[in-house]
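As structure tokens, the structure follows; a few thoughts come after it.
The values are calculated or read from the model by the stated rules, or taken from the named source; none is laboratory data. Note that the structure is predicted; figures quoted are calculated from it, not measured. Neighbour counts are summed over all protein chains in view; Cβ atoms, including those assigned to glycine, are modelled from backbone coordinates with ideal geometry. All accessible areas refer to the heavy atoms of the entire protein, side chains included, with ligands and DNA or RNA removed. Shrake-Rupley method; radii C 1.70, N 1.55, O 1.52, S 1.80 Å.
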Amino acid sequence: MISFTDPRLYVKGTCSAILMDKSTGDIKYFSDKFQTGNLATSVTAGEIRAGLGNGIAAIIPSDSALNVEFTAADFNLFAKMAQVGGTLNYNAPAMTCQVVEAEGTSLKVDVTEGIPVAQLGFSEVRCYVQEVGAASPIGVYGTAYPISAGGEVMEFTATAGKKYKVWFCVNKASAQVGTVPSFIDPAVYHFTAQMAVYTNKTGGDRNSGTRTGWLYVIVPSLKLGGTGGGVVGDQSNNDTTSISGQAIISDSDVISETCEDCGGGNVYAYYVYVPDDAAEAITGLAIVGGVISLTAGATAQVPVKFVMQNGELVTPNYSDLTYEMTTAIAGTTVSNAGVITAGTTAGDGELKITYSGGKEPVTVVANVSVTTAG
């Protein structure tokens, strides 16, 4: 059996993941504390049976899906609301406490740092009063008393000279409130996860172990699943944040380059592998179009391409290459970015282009021709 020497790659571990707003591109969620991260594809193999014995004449796939299941150890209220299509706002009602010494039979709290408001789920503004230094049974001190916007505790009779703790709600600017709706319609976000890629050999010149690159999993439209909006209050297990759901097809708002009538542009996800050593996949350089011809005084970008392992031609970052006119044409120069500027003298020359980013330099020679007008 024929064998090959391509390095074997292994993916293990999620570095981080983000959710981005589909309209603006703003990053709405980030975590680098993931415990699990899985993407799974599925499709229904639709059998068409026919003929004697009713054998399988064709298999036509349908009902494709890509499911995303990521779990982070850290708590994130935004992600929980996104999962259920809920809202997240600041300035939420939060319980506060003041110790007040009764001057008579009435109590009044200081409202300069916040006017009493109703607790979420109640329409009436109420408070609770406990006597400092006394026992606090629910039957006595669990009673709710009305409290006015000015801080006056009503329907409670105090004893002059005693101190009381008054508990009531005020809006706190920093307090967030997540609202879980009864109609759960999860949000749709652009999802990207970064995973570590290893190889079965050392990092070579990097001398940094066996990690060799990063895999980026990109789901342009992730419809969150609606199941990650709960909160775990176990004594021995921490709450986690779930980023889970299904990829959906996004209708493009521009016309594609292809002429396919149906389905050609539909994409669930992209997997992008970025090696640490970018030169590993580059096998050479090529000049596109043959001779580089210019008229006197004209400029032109050197049409050089990377030749990749599979024969694909890729436009380089021109500044990563070096350029040398090995056979000069008087007055003609080439910049560090690979732009040729022709002089006023006609002639033919050779330009050597070198890429030194790999283990061994790769070069190509381009023929250059300068002609005068007329």
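Looking at ILE115, ILE138, just one residue is under 30 Å from GLY230 (Cα atoms), out of contact with any Cys (no Cβ under 9 Å at 6 or more places or on another chain) and among the β-branched types (Val, Ile, Thr), and that residue is ILE138.
Listed conditions (1) under 28 Å from THR199 (Cβ atoms); (2) touching a Phe, Trp or Tyr at 6+ places or on another chain (Cβ under 9 Å); (3) modelled with pLDDT of 90 or more are all met by THR283, apart from (3).
Note on the range 12-66: among residues that are closer than 19 Å to TYR268 by Cβ, of a type in the set (A, V, I, L, M, F, W, C) and touching a residue at least 24 places away in the same chain (Cβ under 8 Å), the one that is surrounded by the fewest Cβ atoms within 10 Å (Cβ to Cβ) is ALA40.
Selection of strands (runs of 3 or more DSSP E) fully inside the range 136-188 by the criterion of at least 1 residues being farther than 17 Å from THR87 by Cα returns 144-146, 163-172.
Would you check if GLN130 is open to solvent by 40 Å² or more (accessible area, probe 1.4 Å), touching a strand residue (DSSP E or B) at 6+ places or on another chain (Cβ under 8 Å) and part of a loop (DSSP other than H, G, I, E, B)?
no
Which one is farthest from GLY357 (Cα to Cα) among residues in the range 269-323 that are open to solvent by 60 Å² or more (accessible area, probe 1.4 Å) and of a type in the set (Phe, Trp, Tyr)? So, considering only residues that are open to solvent by 60 Å² or more (accessible area, probe 1.4 Å) and of a type in the set (Phe, Trp, Tyr), the one farthest from GLY357 (Cα to Cα) is TYR270. The set of residues in the range 239-260 being open to solvent by less than 90 Å² (accessible area, probe 1.4 Å) and over 22 Å from the mean Cα position of the chain (by Cα) consists of SER256, THR258.
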